[in-house]
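Readers should treat all values here as calculations from the given coordinates under stated rules, not as data from a laboratory. Here the structure is a predicted model, which means the values were calculated and not measured. Virtual Cβ from ideal backbone geometry, glycine too; neighbours counted across all protein chains shown.
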């Protein structure tokens, strides 16, 4: 069982999600270089907690950047949020998804071969050290990953060098229940209708610490990041609820 109730419209006074912008979003943050990587940075300069966001394979989409701004501005707890550009300006074209032709499948296969999740997971401890050097007020770190980034969250939070105190996986790719057995921090996983239900349930059962696992049954893989069609009222509603659910979990389980 989840440690939080998975109820629609779950609400807490501490969170106040701003109105979600459907098109033409204007970012609240700016880009800096951190450890050699272009990094989107948003949130208050004096924050004592930082969140590293691992984008999906499509990189800096407005929906993903808006999500980082929501995390940084919607809670009484101050968070500074960072999205490093692991793809160095070469994300996957969104036209490759869904991979419903042999050519798209080949292209995506090559992309994942060039950008394996384990490679990024192994670099995150050093990246966090670089963040700490530039942001000495931050004393504790959380991580949130979408799709491809969700896999990275599993890998790094189950490693011996994990620098994070809490984790979030939003519509994660390649869900592996075995990895949940060794995750060392409180974890929230929000699944879409497209993640395998049996693997999601098995993953939840294997988590040993504080957890919240919920499936947004009418949302597609990517609804909280690049594939969010925010012109659709229902997607917009569940996009906002997803971020609110993550913030509520962080508030309760990140000491």
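Here are the numbers:
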quantity: The listed residue being more than 26 Å from residue 61 (Cβ to Cβ) and in contact (Cβ under 8 Å) with a residue 24 or more places away in the chain, out of 161, 215; calculated: 161
quantity: The range 100-118 - residue that is closer than 22 Å to residue 36 by Cβ and touching a residue at least 12 places away in the same chain (Cβ under 8 Å) and, of those, farthest from the chain's Cα centre (by Cα); calculated: 111
quantity: Subset of the range 198-229 (residues that are within 28 Å of residue 95 (Cβ to Cβ) and more than 17 Å from the chain's Cα centre (by Cα)); calculated: 199, 217, 218, 229
quantity: Exclusive hit being touching a strand residue (DSSP E or B) at 6+ places or on another chain (Cβ under 9 Å), surrounded by fewer than 16 Cβ atoms within 10 Å (Cβ to Cβ) and under 26 Å from residue 182 (Cα atoms), set 132, 126; calculated: 132
quantity: Any hit, the range 32-40, residues being surrounded by 15 or more Cβ atoms within 10 Å (Cβ to Cβ), touching a residue at least 12 places away in the same chain (Cβ under 8 Å), assigned to a loop (DSSP other than H, G, I, E, B) and on the phi < 0 side of the Ramachandran plot; calculated: no
quantity: Matching residues, the range 220-255, being free of Cβ contacts under 8 Å to residues at least 24 places away in the same chain and either closer than 17 Å to residue 73 by Cα or part of a helix (DSSP H, G or I) (or both); calculated: 233, 234, 235, 237, 238
quantity: Subset of the range 167-210 that is touching a residue at least 60 places away in the same chain (Cβ under 8 Å) and not in a loop (DSSP other than H, G, I, E, B) - its residue that is farthest from residue 156 (Cα to Cα); calculated: 204
quantity: Qualifying positions in the range 136-168 - crowded, with 21+ Cβ neighbours inside 10 Å, out of contact with any strand residue (DSSP E or B) (no Cβ under 6 Å at 6 or more places or on another chain) and closer than 20 Å to residue 48 by Cβ; calculated: 162
quantity: Condition check for residue 87: in contact (Cβ under 8 Å) with a residue 24 or more places away in the chain, assigned to a helix (DSSP H, G or I) and on the phi < 0 side of the Ramachandran plot; calculated: no
quantity: Among (1) under 30 Å from residue 19 (Cβ atoms); (2) under 17 Å from the mean Cα position of the chain (by Cα); (3) surrounded by 19 or more Cβ atoms within 10 Å (Cβ to Cβ) - the single one residue 121 does not satisfy; calculated: (1)
quantity: Any chance residue 203 is in contact with a helix residue (DSSP H, G or I) (Cβ under 6 Å, 6 or more places away or on another chain) and surrounded by fewer than 24 Cβ atoms within 10 Å (Cβ to Cβ); calculated: no
quantity: Within the range 89-110, tally of residues that are surrounded by 12 or more Cβ atoms within 10 Å (Cβ to Cβ) and touching a strand residue (DSSP E or B) at 6+ places or on another chain (Cβ under 9 Å); calculated: 0
